[in-house]
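Note sheet for the following structure.
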Amino acid sequence: MTSEGGDGFEELRRANPVPPVSVAELGRSARGEGVLRNIIETETASVRPSRWWRKRRVLVPAVLTVALASAAAGYELSRPVRRPLEVACYTKARTGALAFVVSSTGGPPAAACRPLWRSGPISHQGPPPLFTCVLASGAPAVIPSETGSPCARLGLAKPVGPSAPPASLEVLQRLLRADELRAEGCLGITTARVDAEKAIAASGLRHWHVEVGARGPTLHCAGYGLDPVGRVVHVIAQPRT
Amino acid sequence: MGDEGARAARVELFTRMFRAHYELVVAYAERRTGSREDAEDIAAATFAAAWRRLDGALAEELQRSWLLSIARGNLANHHRGRRRRRLLIYRALADRPPAAPGVDGGLIVAALDRLRPLEQEILRLAAWEGLPPVEGAAVLGLTVNAYNVRLHRARRSLRAAYEDLQEQAQGSRGDTSRAQGGEQ
């Protein structure tokens, strides 16, 4: 039904309601320059709190935050890490702070975040003390804090039980990654399916299977996706990288 | 570096980032609102938030996904406000909701609308924004692996919804031609 045996993705690409922005359109636009000026000038004014009400505007949310945090501190939650393959590396001990989600290295969650503090993108100076909490999704969150564990302060649970993924899952992840690297740009889809089945057997995992996604006219190469909850290795058709 | 020097460096960094990405953020928002005016408001709010959060140099390859992740939050607020306003209008008019404005992609867009919100967003990021998995994953706060799995499933759901709609369309065309044949 779909064109050329694809999955509708090419049709969707063609149905883009706003054409992609060309390089020529980037840069200065009259409206954009106005917005830019407005942001920079407004912020310059607001960093000088010369009136008492400007201070109050900051104080009220601060008091609320402290009150909420104190209430949260009364409940010392702990929860197991259910999504050990994903680690959220937070840049600050604050709800809503920017976080980078990275793949687990197999060790403690903090080990996956330390490189981001050593060689960017978070900093180049090495990490401050890092603490592991558990997000509502079950993924570990690694949060910097100079004042002890921030979990209770932020209303997050402390981890209980092992935080690192089981060794067998790590083996499977490593085997598949190595397979992708060996292919140097294009891993054939049929080869990927066979390799994935071998990797499952070699890792010792049971009740896992392989699913191959829809191919398209430009999608001759394969990538792997791992779904530990559904116990599936997805072979995903993609263009040559 | 003194306060003035630090501020000048921050302004310069922000200005470069703004000029490189403003139109991209507007296009991202327009694809999801169907209105250039709303899209410009969302872009302005996005860059205002980016200015407040900008602490230091952010690698160029991370800027687009960082900005789009902020825009995504602003877009959710925009939709919530819009839904509230629309509900009031529907109650007043006792009418059916109109189709999404400014979007006319035929069956494939109708198929997209049938999917779950996260699946829709993953497909839009890949097909319309043209983001590679590493950036799409950053926008949604997922690992590249999790993003790839979800993209794979979303494409499968899109295909199923698209084929379903195509069959329905063919069925209704067949009914129409049979009805016309019967009248002759």
With the first residue restricted to the stretch B:105-132 and required to be on the phi < 0 side of the Ramachandran plot, and the second required to be outside any helix (DSSP H, G or I) and hydrophobic (A, V, I, L, M, F, W, C), Cβ contacts under 8 Å at 6 or more apart or on different chains are B:Gly105/A:Ala15; B:Ile108/A:Ala15; B:Val109/A:Ala15; B:Val109/B:Val103; B:Asp113/B:Ala100; B:Leu123/B:Leu115; B:Leu125/B:Leu131; B:Trp128/A:Val18
For the stretch A:208-241, the count of residues that are open to solvent by 20 Å² or more (accessible area, probe 1.4 Å), more than 9 Å from chain B (Cβ to nearest Cβ) and modelled with pLDDT of 75 or more equals 5
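Find the residue count for the stretch A:77-93, including only residues that are over 19 Å from B:Ala138 (Cβ atoms), within 13 Å of chain B (Cβ to nearest Cβ) and surrounded by fewer than 21 Cβ atoms within 10 Å (Cβ to Cβ). Working first, answer last.
The first filter runs over the stretch A:77-93 and keeps only residues over 19 Å from B:Ala138 (Cβ atoms), leaving A:77-82, A:84, A:93.
Keeping just the survivors that are within 13 Å of chain B (Cβ to nearest Cβ) gives A:84.
Then drop every residue that is not surrounded by fewer than 21 Cβ atoms within 10 Å (Cβ to Cβ), which leaves none.
Final tally of qualifying residues: 0.
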When restricted to B:Ala49, B:Ala71, the only residue open to solvent by less than 30 Å² (accessible area, probe 1.4 Å) and modelled with pLDDT of 90 or more is B:Ala71
Taking the stretch B:142-161 and the residues there that are touching a residue at least 24 places away in the same chain (Cβ under 8 Å) and open to solvent by 40 Å² or more (accessible area, probe 1.4 Å), the one that is nearest to B:Leu62 (Cα to Cα) would be B:Arg150
Here the residues within the stretch B:7-35 that are open to solvent by 20 Å² or more (accessible area, probe 1.4 Å), among the basic types (Lys, Arg) and at pLDDT 85 or above are B:Arg16, B:Arg19, B:Arg32
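The values are calculated or read from the model by the stated rules, or taken from the named source; none is laboratory data. The structure presented is a predicted model; accordingly, all values stated were derived computationally and were not measured. Methodologically, a virtual Cβ is constructed for each residue, glycine included, from the backbone with ideal geometry; neighbour enumeration extends over all protein chains shown. SASA here: full protein model, heavy atoms, side chains in, ligands and nucleic acids out. Shrake-Rupley method; radii C 1.70, N 1.55, O 1.52, S 1.80 Å.
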